Amino acid sequence: MDEHSTNPLDRQDRKTDIITVAELFSSSFVYRVPDYQRGYAWNDEFKMLWKDILRLYRTKAHKHYTGMLVLEEIKDDAVLETEAIIDTTAFYIVDGQQRITSLVIILQSLLNYVQDEITDNNTKEELEKKYKELLSFSFIKRFGYSAKRNDPAASYFDERIYDNSAGAEHTDQYMSNINDAKDFIDKELDKLSGETAAEILDVIANKIVFNLYFVTDDFDVRVTFETINNRGKRLSKLELLKNRLMYLSAQLPKRQGLDLKNKINDSWKSIYKNLCFGDCRLSDDVFLKAHWIVYGKLNKKKGDSFFDDLFADEFAIDEGTHYNLVANKEYDNAYSHIEKYIRSLSRYSYYWRIVNQPEGITGFKNEKELEWIKRLSRISDTLFLRAALMVIVSLDSINWPDKEKLYNKIELFVFVNKLLAQDRNDLSFLVTAVKPMLTADNTNATKLCSDVIQAIDSHPSLKVDPERVVKAVEAFKLNVLDRKENYYYSWNGLSYFLYEYNESLSIANAAPIQWYELSSTSIEHVLPQTPESDYWKTSFGDYSDDVRKRITNSLGNLLLLSCGAENSTLRNYSFPVKKDMSVASKKFAYSDGSRSAREIAEETYWTINEVTKRTQRLIKFMYEHWFSNLSIAQADWEKCSSILMNDLPAPLTDKEYAHKTQLLDKIDTTAERKKADASVKARPSNFLQKQFLGYVNQDSIWIRYNKEKISYKDWFTFKIIEENGNPKRFECGVKINDISYRIIYHYDNNTMEGSYWPNNNYTVIPDEALLPNKIKELLLSFKRYLRKARNITKPPKWLDYSANSK
């Protein structure tokens, strides 16, 4: 090592210093992400780093400090051999991994991009020579993941980043983050010329600096990692726990410690696979808490207090259960203490996934049970309920009739107490009840299931019986109907109730309702909240504002919309327009919607009579669906029904109804239908325009789309004329130094022409080389768009019409 070297990594006496990216990735230096580190976790932070780089490039600043980099040198020859990095100066990245990973993704993408985009061979050779060993040398990649991790992210990073393979499969959150970063930077680079990309590459290499810090031999690197990673994007509790367990495994005899370490790695891979699948991203920390309150201590405090149980007691460094076992040299017990916990954590991550995302589960062996899981996941997202369900679902050895009975009991308990009575009970008693199930086997699983049922049936204050149902309905009146401004529309159980009703109907070919796509706009008022049409004024205009509001937000007037059928933008139209599929688009019509929407579409009119009839039908459904087996006295249920009707005004007499419907029949909805039809017609997606703009650096080129005409101002304006969805002609205009320019490109024959108006005289531009630099810059983007988006690799032919001036 050279004591006089300007590169702090070359010095024998290494100390805190400033280092550039070029210095970092030079000589024989290589870097590995150690096994105690999490994977790549940046999302928005990656985009912010890219913005910082662009700002640094534009402002021509001298240096940009991007944070601390903490390194631990790898000195053990056996480790160097395992990592396949012999004859290098190698370091583990203790802190700064997210930034280094991000920079490598950007640098490799830039290197690929400039090689593709720069056509000048001399420039290309110069860049190849300059950056040949920036990210690899002697077939060794400078940045990678430690072999100790046994992590599929290592091979994924090689494929997706180093090999630029878009088809690489990503199976967990960390891989998805790498893929998202790669997709983002590729789209950003498409906006740049090869020359600009090369300049940015140079900026990153020489102007981005780290504050370099070395972990010395007297530091415990895992504790150091745990401490310093309270900065930046915080580690999740699950990530910190993995590091802590890795640290504790090192306190065991070597063989046991290595075996436990491998099991920890395998467990965390399984956990992250279950928490991250498809488009689903389940929270690390919520799962960790859900598992701990069942496996360990029922901690009902809010926030992260449960983590203190894990870190300060169960798996503490200098006290607690594990510490005492190691201190007493009970190594087998210490090993089992951790191994049992991680095995349980890994196992239940799969069932946590099922409970939280049952819609995405395929091949579940009991379809009836899966339907129950979906139903219970809809009724409440309470942590204690889902933690209990996670345990119940895991037990296949429970007789199905007993298990189904338990699911039924849970749903009834939650519906009556949480949705109707609005009770504040957090359902934590279920967690206590299912705890014995963690150690259940084939001989006692069904007995333990019966014990949970008994715990529900014998709840001291909330057990569900006829008396409790009556009290729950009375509480519903007090807490919802009398207190909420919008009555049923404000009920937190409305979506669940209407969903269950919709599912109960037997109507073929109805549009489906996807529970996980529901939102606040998914509840439709048949009689609108702002009834402005003649139809609604005729049908409900006789009522005061207060009474009409009660009708509008009554149970019978509320409808759960299907996805892609009825359109919530049409909520203020008349009933015949809403329900009638004769409107050309048909997308919003009740008659083309969900089961409950089609049921409403069978009505000819919508008056107080129809609202009352449907409200009564829904109340009857409530009784039959939840309470029919409770033997509620008829008088008691009639009392409940009266409360649930919420003082709706009396229906019209037959004579009044006949007169009202005659008036409604006379209303002409033709104009309203035309307006409705126009409002739901598909609007142009502007896909072609957006596709082109994806290749324009709008920080340096001011450009906007104008589908009507080309204007000549300081901004570029453009339009793309298309035919049957295919582009035919691109037109662009701009004013430079008070002279208007126009460029036209023809897609069918790959030709381009230009003209301008000096002194207001139309003049053909005979050669592309004569264009102003500002336009040339735009055309570079346009040609890049043609090549990459339209697969037109041959440069456009420039047309010279100067001999035939128009």
Exercise. If you take the residues in region 607-641 that are surrounded by 15 or more Cβ atoms within 10 Å (Cβ to Cβ) and of a type in the set (A, V, I, L, M), which one is farthest from T552 (Cα to Cα)?
Worked result: L630
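How about region 155-189: which of its residues are of a type in the set (D, E) and more than 12 Å from N112 (Cβ to Cβ)?
Within region 155-189, D158, E159, E169, D172, D180, D183, E188 qualify.
With E467, E474 as the choices, which residue is in a helix (DSSP H, G or I), free of Cβ contacts under 8 Å to residues at least 12 places away in the same chain and not hydroxyl-bearing (S, T, Y)? Steps first, please.
On the way: E474 fails: free of Cβ contacts under 8 Å to residues at least 12 places away in the same chain.
That would be E467, the only listed residue that is in a helix (DSSP H, G or I), free of Cβ contacts under 8 Å to residues at least 12 places away in the same chain and not hydroxyl-bearing (S, T, Y).
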Exercise. What residue, among those in region 153-177 that are modelled with pLDDT under 80 and out of contact with any strand residue (DSSP E or B) (no Cβ under 7 Å at 6 or more places or on another chain), is farthest from S136 (Cα to Cα)?
Worked result: T171
For this session: Only residues that are β-branched (V, I, T) and modelled with pLDDT of 90 or more: list them for region 704-720, please.
Result: T717, I720
Exercise. Inside region 160-204, can you point out the residues that are more than 26 Å from L780 (Cα to Cα), within 24 Å of the chain's Cα centre (by Cα) and of a type in the set (D, E)?
Worked result: E169, D172, D180
For this session: Starting from residues that are under 16 Å from I720 (Cβ atoms) and of a type in the set (A, V, I, L, M), keep the ones in region 736-784 and report whichever is surrounded by the most Cβ atoms within 10 Å (Cβ to Cβ).
Result: I743
Seminar exercise, completed: If we take region 110-199, then helices (runs of 4 or more DSSP H) inside it with 2 or more residues that are acidic (D, E) and more than 23 Å from K788 (Cα to Cα) are 121-131
Seminar exercise, completed: If we ask which residues in region 431-453 are in contact (Cβ under 8 Å) with a residue 24 or more places away in the chain and not in a helix (DSSP H, G or I), their number turns out to be 3
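Across region 115-142, what is the number of residues that are hydroxyl-bearing (S, T, Y), in contact with a Gly (Cβ under 9 Å, 6 or more places away or on another chain) and at pLDDT 85 or above? Outline the logic, then answer.
Filtering region 115-142 for residues hydroxyl-bearing (S, T, Y) gives 119, 123, 131, 136, 138.
Okay, now just the ones that are also in contact with a Gly (Cβ under 9 Å, 6 or more places away or on another chain), so 119, 123.
Checking which are at pLDDT 85 or above leaves us with 123.
Adding up the residues that qualify gives 1.
The values are calculated or read from the model by the stated rules, or taken from the named source; none is laboratory data. For clarity, every value in this text was computed on a predicted model and none was experimentally measured. All Cβ positions, glycine included, derive from the backbone under ideal geometry; neighbour counts span all protein chains shown.
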